[in-house]
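Take a look at the structure below.
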Amino acid sequence: MLSARTSDKLRAISEVARKGRRVKDLRRLMNHPDVWMQAYLNIQGNKGALTRGTTTITMDGYSPERAANLVALIRERRYKPHPVRRVQIPKKTPGKLRPLGMPSADDKLVQEVVRMILARIYEPLFKDSSHGFRPKRSCHTALKSIKEMWNGTKWFIDIDIQGLFRSCILMPPSRTRKRCLRSNIAPLLAGENVQHINMLCMSHFACYMLLTAYHILWLGVCQ
């Protein structure tokens, strides 16, 4: 559970973002032990939480000392995500497979902390008509909205991008990749938070391990 102090800080972040002002002090917020404990609680019950990545550590090995070590690595700019372990799993279509990336337990924890903080910044800015991958939103809320508000609609177009995650082109120059993320994330973050943007870039463009060989990800993104 988050302490009252941390909860107040997260609410303040949302309010600052809602007013269009730049958010500060994310580094200090990431130092709060209860943020890391909450991140652990958020993901420890997920299916696959005990599945290892390219290291032998899983989510069941959490401790305050482990979180403190990650905080120190991030603060000293020594944190580097591990390659993602990639496996091929069956799709609903018979005979077809899709790649599934399995991050290491520590990387899952860091990603969840970053997600928690970024959600507080960007969630207030999403349109009310957006239902994908949002808290307390789902296909069911989208259908309910359609039923209540789209009474005059005669037809819908269902569009699916084939092989999206396998086909995204990741531009080789790291500066170009970082610039793409910064253009979408940086506008609401104060200058001292550039470290966290770089950390997000590293996590997004980490390489993957297939069987025993490491591969740099130039095409597609880890799922």
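Scanning the range 29-43 for residues that are within 15 Å of D107 (Cβ to Cβ) and open to solvent by 30 Å² or more (accessible area, probe 1.4 Å) gives Y40, N42. Among the residues making up the range 1-21, those that are in a helix (DSSP H, G or I) and open to solvent by 20 Å² or more (accessible area, probe 1.4 Å) are A4, R5, S7, D8, K9, R11, A12, E15, V16, R18. Taking every residue in the range 59-79 that is closer than 13 Å to L41 by Cα and pairing it with any residue that is among the basic types (K, R), at least 6 positions away or on another chain, the pairs with Cβ-Cβ distances below 9 Å are M59/K108.
Reported count of residues in the range 124-154, each being under 18 Å from A17 (Cα atoms), open to solvent by less than 50 Å² (accessible area, probe 1.4 Å) and assigned to a helix (DSSP H, G or I), is 1. For the range 48-93, the tally of residues that are exposed (fewer than 11 other Cβ atoms within 10 Å of the Cβ), β-branched (V, I, T) and in a loop (DSSP other than H, G, I, E, B) stands at 2. Among the residues of the range 22-36, not a single one is in contact (Cβ under 8 Å) with a residue 12 or more places away in the chain, among the charged types (D, E, K, R), in a loop (DSSP other than H, G, I, E, B) and closer than 30 Å to Q162 by Cα. There is at least one residue in the range 201-212 that is touching a strand residue (DSSP E or B) at 6+ places or on another chain (Cβ under 8 Å), under 19 Å from A39 (Cβ atoms), modelled with pLDDT under 80 and not acidic (D, E). From the set of residues in the range 1-23 that are of a type in the set (A, V, I, L, M, F, W, C) and touching a strand residue (DSSP E or B) at 6+ places or on another chain (Cβ under 8 Å), which is nearest to V35 (Cα to Cα)? For the range 1-23, the residue satisfying everything is I13.
Within the range 94-118, the only residue that satisfies the criterion of being within 10 Å of the chain's Cα centre (by Cα) and loosely packed, with under 15 Cβ neighbours inside 10 Å is R115.
The values are calculated or read from the model by the stated rules, or taken from the named source; none is laboratory data. What you are looking at is a predicted structure, and each value in this text was computed from that prediction instead of being measured. Note that each Cβ is placed from the backbone with ideal geometry, even for glycine, and that neighbours are counted across all protein chains shown. Quick note on the areas: whole protein, heavy atoms, side chains included, nothing else; ligands and nucleic acids left out. Shrake-Rupley method; radii C 1.70, N 1.55, O 1.52, S 1.80 Å.
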